[in-house]
Amino acid sequence: MIQRVNPNLKKDLLKLGVKDWNECFHCGNCTAICQLTEEDSLNPRKVFRQAQLGLKTSLQANISPWMCYYCGECSDTCPRDANPGELMMSLRRYLTSIYDWTGLSRLFYTNKFMEFAAILGLATIVILLFAIWGPPLDPTLTSEGGVKINSFAPIKWIELGDWSMAVVVAALLISNILNMFYKVIIKPGVKIPLSVYATELWKLPAHFATQAKFRKCDTKGKYYWGAHWMMMTGYTIMFILIVVFLPEFQVEEIYDWWHWQRLLGYYSTFGLLFGLIYVIIGRIKQNNQIFKFSHLSDWLFVIMLFMTTVSGIMLHLFRINGMPYATYYTYIAHIAILIPMICIEVPFSKWSHLAYRPFAIYFASLKKAASEKQYKTGLAAEIA
Amino acid sequence: MTSIVFTENGNGNGSLSSLNYDNLLTYAKGIAGIGPVWDKTELPIYDSGAMTHILKESKIKKIIIAGDEPGMLKPFLSKAMSLVGEDPGKVILVNFKEHGFFTNESFELAKTLLLFAIKDIPFEKVLVPEEHNVNKDTLVIGAGIAGIQASLEIADGQQKVFLVEKSGTIGGHMAMFDKTFPTLDCAACILTPKMVEIGQHDNIELLTYSELKSVTGSPGNYKVIIHKKARRVNLATCIACGICSEKCPGKASSDFDAGTTQRKSIYIPFPQAVPNKYMIDENSCIYVENGKCGVCVKVCPVPDCINLDEKDEDVEINVGNIIVATGFKTFDAKRIDQFGYGKYPNVITSLELERLVNAAGPTGGFIKFRTQNKKKNWIFSPESDEPKSIAIVHCVGSRDENYNKYCSKVCCMYSLKLAHLIKEKLPEAEVSEYYIDMRAFGKGYEEFYERIKNENIHIIRGRTAQVDQNGSGLIIRTEDIEKGLLIEQKVDMVVLSVGIEPAEGASSLAKMLNLHQDINGWFSGKNYISDPTSTISGGISIAGVCESPKDIPDTVAQASAAASSVLQSIMKVKTT
Ligand SMILES: Cc1cc2nc3c(=O)[nH]c(=O)nc-3n(C[C@H](O)[C@H](O)[C@H](O)COP(=O)(O)OP(=O)(O)OC[C@H]3O[C@@H](n4cnc5c(N)ncnc54)[C@H](O)[C@@H]3O)c2cc1C
Ligand code: SF4
Ligand code: SF4
Ligand code: SF4
Ligand code: SF4
């Protein structure tokens with residue numbers, strides 16, 4: 001593939017938090033120390049090369065940044081202190097902004113003011129909606145002594161809101177993933193037989209659920225995989241509970257603590273809190289390579305999730321302890337944080353990795369399977 | 001009117017000096033009655049017309065050029081002065097670096113120097129002051145190839161030399177090698193005759209197993225106290241029969257063999273050691289520990305040769321000049337966790353391999369696996385098996401921000417040499433060499449590299465990142481940069497080409513002798529480019545690797561340079 005060197009790529013990357021990369025002298029240490037290196041899908045040094053040379057097309061087609069989990073080994077051992085792990089992190093931002101056809105992602109990443117404005121704006125709209133709609137603030141309690149939450153926020157309306165948000169977010173994510181597919185597979189002209197799409201499909205959910213690849217990174221007393229997995233499962237379960245199982249989740253009865261609804265809720269909350277506290281302490285203490293540099297988006301990500309979790313816990317406690325007004329106002333606050341978090345962070349910012357990463361793995365395995373197949377048929381033809 | 005021009009600004013000459021020139025310039029501007037003070041960049045350098053105009057306008061009668069390299073402006077400004085009819089001799093140089101003013105600690109001194117220049121007070125710091133009587137005797141510290149070369153040259157010039165060596169023998173690192181690059185000459189054939197000459201030279205007094213304790217006095221007349229450690233064997237009477245060693249029950253790891261084998265507590269570092277006498281290592285001698293042995297005394301055929309109760313002593317000498325040639329130590333490979341040195345027995349260092357390929361080494365010149373002896377010590381013995389595949393890893397501890405940033409300069413070449421020697425000893429073995437850049441910079445070096453490339457050795461570009469043990473073998477991970485592929489290679493043995501660092505104790509020596517050390521601990525000469533062996537302390541020179549990493553030819557050249565400046569200082573002045 002003939003490519004023009006793009007001298008503006010550097011400026012572009014600097015804006016997205018990439019640090020100076022002239023340090024790298026191409027020794028290949030990062031590629032060799034990285035436990036996840038795989039031909040064609042992850043090679044940190046080649047990413048460095050493409051960035052240094054301004055090979056924009058190659059960089060945009062490169063899925064390496066998604067295959068990296070930022071264990072930080074490469075940065076720790078890089079003889080030039082070039083920080084390849086941080087480059088990968090910054091490139092995830094770059095790729096997110098490239099896949100996002102609306103341009104909002106780029107805007108939010110490069111303009112702090114706009115990102116805050118969008119978050120606050122959405123939160124204000126949520127609060128205004130509640131104000132205009134004026135839900136009844138019923139002070140009476142249920143027979144069990146709980147708050148009558150469903151008369152304050154009727155399930156059908158909240159469900160409607162939930163689903164419309166889910167549809168919008170999904171539509172954005174899917175279109176971005178198609179764009180990613182175009183950049184990674186179609187544009188570079190990778191030929192993939194249709195059957196391979198089907199045979200490799202299982203990797204998508206499998207990876208999403210287990211994050212198995214990440215485990216290889218947990219060497220030398222690091223527990224990223226565990227912390228990350230708890231946070232991810234907590235988040236996913238909670239998301240499913242509030243969108244799909246809302247009628248079972250937002251209830252007025254106070255179930256026994258061993259009821260599935262409460263157990264799942266507690267697990268998710270614990271998972272989220274555990275993972276979040278691990279990350280927050282890490283980012284404050286900067287105790288490991290991966291926490292050394294914190295972009296604004298990294299902080300927003302954890303802070304908003306933390307606030308959502310905490311307001312969720314408060315909501316639960318107020319409700320079962322029969323504190324109607326506290327419950328109602330916390331409910332509004334909870335939703336006012338949750339909505340911007342999901343609508344902004346998921347499609348346009350750091351959270352999008354929950355979709356891009358499994359797809360990157362899927363695309364990588366497509367490429368690999370296709371080339372293996374091609375190799376085998378070639379071999380068969382040669383033998384015949 | 002007197003004017004001052006600064007040739008530097010900001011923090012001096014970066015790597016060489018951190019004196020704050022901006023502050024000096026501000027200071028100079030405030031001196032009463034001074035004419036214009038410029039930073040070099042403010043002047044129309046190389047435009048004589050414009051310059052003469054400035055000189056005339058400000059009625060300048062004298063110019064002081066101040067900085068790290070003031071000499072470069074002198075021709076231009078002298079010419080401009082003569083063009084306006086002034087005395088070109090009134091262009092005065094103030095070279096801060098030459099006076100040892102490298103840092104802001106010398107800021108006040110630098111100010112004084114400026115004032116001297118303005119008031120025409122002579123300040124030339126004389127290397128060896130003429131009015132002093134210079135003691136003709138010279139002290140050389142460190143007896144590697146640098147110290148040996150310098151001592152022989154001075155001694156051959158009919159001057160007395162005290163050669164002080166920390167270990168029990170002279171020879172330094174070169175004595176450990178079998179062959180030297182790029183000619184593959186036998187190292188001992190070059191070195192041993194020189195060592196013998198040192199031992200026999202009438203003008204050389206050799207003080208082995210000794211170190212400097214204190215230095216007082218001034219250039220031309222230094223009083224030096226040398227701490228002589230107790231050897232416990234009489235240098236005059238020991239006949240080096242070795243009977244004591246045979247019977248001695250004490251054991252320790254052999255420094256001379258880079259720890260590849262064990263030696264007795266009473267020992268000779270190696271058969272050709274100079275002085276060719278036995279010595280006792282107090283750290284492992286059982287008698288020294290609990291007073292319950294003395295076998296050596298009983299078996300020694302020479303009466304009163306071994307004195308187990310001998311004590312350390314201090315010797316005082318007076319010298320006029322000192323040459324420091326303390327060389328280096330190799331980088332401690334244990335510091336790099338991912339290479340597993342010290343954890344996996346067959347990850348070895350280049351220095352250990354030098355001893356294995358040496359016919360006088362622990363395995364008689366055969367490359368063998370490291371194995372445990374009966375006492376559970378890891379050693380190389382001639383009985384163990386031979387590896388079938390060996391990988392050499394470059395830049396261990398060098399060119400690495402986490403360890404030493406600098407290039408150790410000799411390891412690319414010695415790695416190529418070692419690859420060749422492995423092939424010579426084990427023609428069937430598979431030899432791979434992993435490097436970042438191949439630095440083959442000297443005469444015949446590139447040709448040597450070309451030659452080794454054709455010896456069926458895999459030379460792969462890429463820095464090895466990790467070594468892991470897998471069963472009895474080792475797995476190493478490297479990216480082949482040229483192919484862009486990750487290589488996991490299974491080998492029997494990994495050789496780490498460790499970098500080099502200033503010798504143990506270099507910093508305390510620097511304090512004692514008032515030497516300047518660069519950021520990495522190497523001693524700094526007066527001027528790295530034009531006067532690398534003289535130092536800011538008059539009468540003290542440096543030579544060999546202690547100044548910066550270099551190979552043997554460069555080391556020898558520097559040693560000769562240092563010797564010649566010592567001889568020059570002795571010849572030039574009235575001597576006692
Ligand atoms: C593995 C390896 C292989 C090499 N192979 C080659 C080669 O093939 N060809 C080549 O040209 N170069 C080679 N070199 C480089 C070569 O070793 C050096 O150029 C040379 O040894 C430098 O000599 P030196 O006298 O400066 O230092 P050294 O050889 O280190 O000698 C210094 C001496 O000073 C003594 N000393 C240290 N501190 C004190 C103190 N405070 N007081 C008293 N004495 C002290 C030490 O005991 C030592 O005897 C190799 C280096 C290594 C590490
Ligand atoms: S980023 Fe560092 S480790 Fe990776 S190739 Fe560049 S210099 Fe080597
Ligand atoms: S941070 Fe870890 S996973 Fe990412 S490239 Fe570096 S070594 Fe690989
Ligand atoms: S006294 Fe010390 S040196 Fe002598 S034989 Fe005993 S252990 Fe060896
Ligand atoms: S000489 Fe070669 S091996 Fe040694 S530090 Fe320099 S580049 Fe690395």
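Please treat every number below as a calculation from the coordinates, not as lab data. Small disclaimer: the values here were computed from a predicted structure and weren't measured. In this analysis, Cβ positions are derived from the backbone assuming ideal geometry, glycine residues included, and neighbour counts consider all displayed protein chains.
Each Cα pair under 8 Å and six or more residues apart adds its separation to the average, and for region B:323-447 the resulting relative contact order is 19 percent.
Among the residues of B:454-463, the average count of other protein chain beta-carbon atoms within 10 Å of the residue beta-carbon is 2. Between 0 and 90 degrees, rounded to the nearest ten: what's the tilt of helix A:260-285 against the longest Cα principal axis of chain A? Helix A:260-285 and the main axis of chain A meet at about 60 degrees.
Which of rounded, prolate or oblate describes region B:298-375 when judged by the alpha-carbon gyration tensor and an a/c cut-off of 1.5? Cα axes put region B:298-375 in the oblate bin. Taking other C-beta atoms within 10 Å as the exposure proxy, B:Asp202, A:Asp100, B:Asp314 rank B:Asp202, B:Asp314, A:Asp100 from fewest upward.
Among A:Met230, A:Phe152, A:Trp133, whose Cα sits farthest toward the positive end of the charge dipole of region A:104-370 (+1 at Cβ of Lys/Arg, -1 at Cβ of Asp/Glu, about the Cα centre)? Selected residue: A:Met230. Largest GNM mean-square fluctuation among A:Trp133, A:Trp101, A:Trp351, using chain A with Cα springs under 10 Å: A:Trp133. In terms of other Cβ atoms within 10 Å, B:Arg399, A:Arg4, B:Arg439, B:Arg335 run from fewest to most in the order A:Arg4, B:Arg335, B:Arg439, B:Arg399. Estimated from helices alone, the mean residue ellipticity of chain B at 222 nm is -7500 deg cm²/dmol (sum of -39500 (n - 2.57) over DSSP H runs with n ≥ 4, per residue). Rounded to the nearest whole angstrom, the semi-axes of the ellipsoid equivalent to region B:329-500, taken from the Cα gyration tensor as √(5λ), stand at 23, 19, 16, largest first.
Legend: Rg and Dmax of region B:19-142, from Cα coordinates, 17.2, 58 Å.
For a test of the definition: using alpha carbon positions, the gyration tensor, and the 1.5 limit on a/c, classify chain B as rounded, prolate or oblate. Oblate, since a/c reaches 1.5 and b/c is not below a/b. Over the Cα atoms of region B:269-398, the radius of gyration divided by the Kirkwood radius equals 1.05; this is the Rg/Rh ratio. With helices as the sole contributors, chain A gives -20500 deg cm²/dmol at 222 nm; each DSSP H run of n ≥ 4 counts as -39500 (n - 2.57), and the sum is divided by every residue. In whole angstrom, note down how far apart the Cα centers of region A:13-39 and region B:35-90 are. Centre-to-centre distance over Cα atoms comes out at 51 Å.
Peptide packing for A:316-323, B:166-173 was compared via the average number of neighbouring C-beta atoms within 10 Å per residue; ordered from the highest value, the list is B:166-173, A:316-323. Straight-distance candidates among the aspartates and glutamates for linking to B:Lys61, with alpha-carbon spacing under 18 Å and chain neighbours fewer than 8 residues away dropped: B:Glu86, B:Asp87, B:Asp120. Say the dipole of region A:104-370 comes from +1 at the beta carbon of Lys and Arg and -1 at that of Asp and Glu; which of A:His353, A:Val244, A:Ile186 then lies farthest toward its positive end? Towards the positive end, the residue furthest out is A:Ile186.
In this structure the amide hydrogen of B:Lys160, modeled in the peptide plane, comes within under 5 Å of the amide hydrogens of B:Thr138, none closer than 5 places in sequence on its chain. When the Cα gyration tensor is reduced to axis lengths a ≥ b ≥ c, the ratio a/c is 1.5 or higher for region B:243-299, and with a/b not above b/c it is classed as oblate. Taking Cα centre as origin and charging only the Cβ of basic (Lys, Arg, +1) and acidic (Asp, Glu, -1) residues, the dipole magnitude of chain B rounds to 600 debye. Helix A:155-181 against the longest principal axis of chain A: what's the angle in degrees, Cα atoms only, rounded to the nearest 10? The angle comes out at about 10 degrees. Dividing the convex hull volume of the alpha carbon atoms of chain A by its residue count gives 160 Å³ per residue. Packing-based ranking of B:372-380, B:49-57 yields B:49-57, B:372-380, ordered from highest to lowest mean Cβ neighbour count within 10 Å.
Taken residue by residue and averaged, Cβ atoms of other chains lying within 10 Å of the Cβ of A:77-85 number 4. For the protein assembly as shown, the C-alpha radius of gyration divided by 2.2 N^0.38 Å, with N the number of residues, is 1.25.
Listing B:Glu447, A:Glu252 from fewest to most neighbouring C-beta atoms within 10 Å gives B:Glu447, A:Glu252. With both residues required to sit in the protein assembly as shown, DSSP beta bridges show an antiparallel share near 50%.
The angle between the Cα long axis of helix B:107-118 and the longest principal axis of the Cα atoms of chain B comes to about 40 degrees, rounded to the nearest 10.
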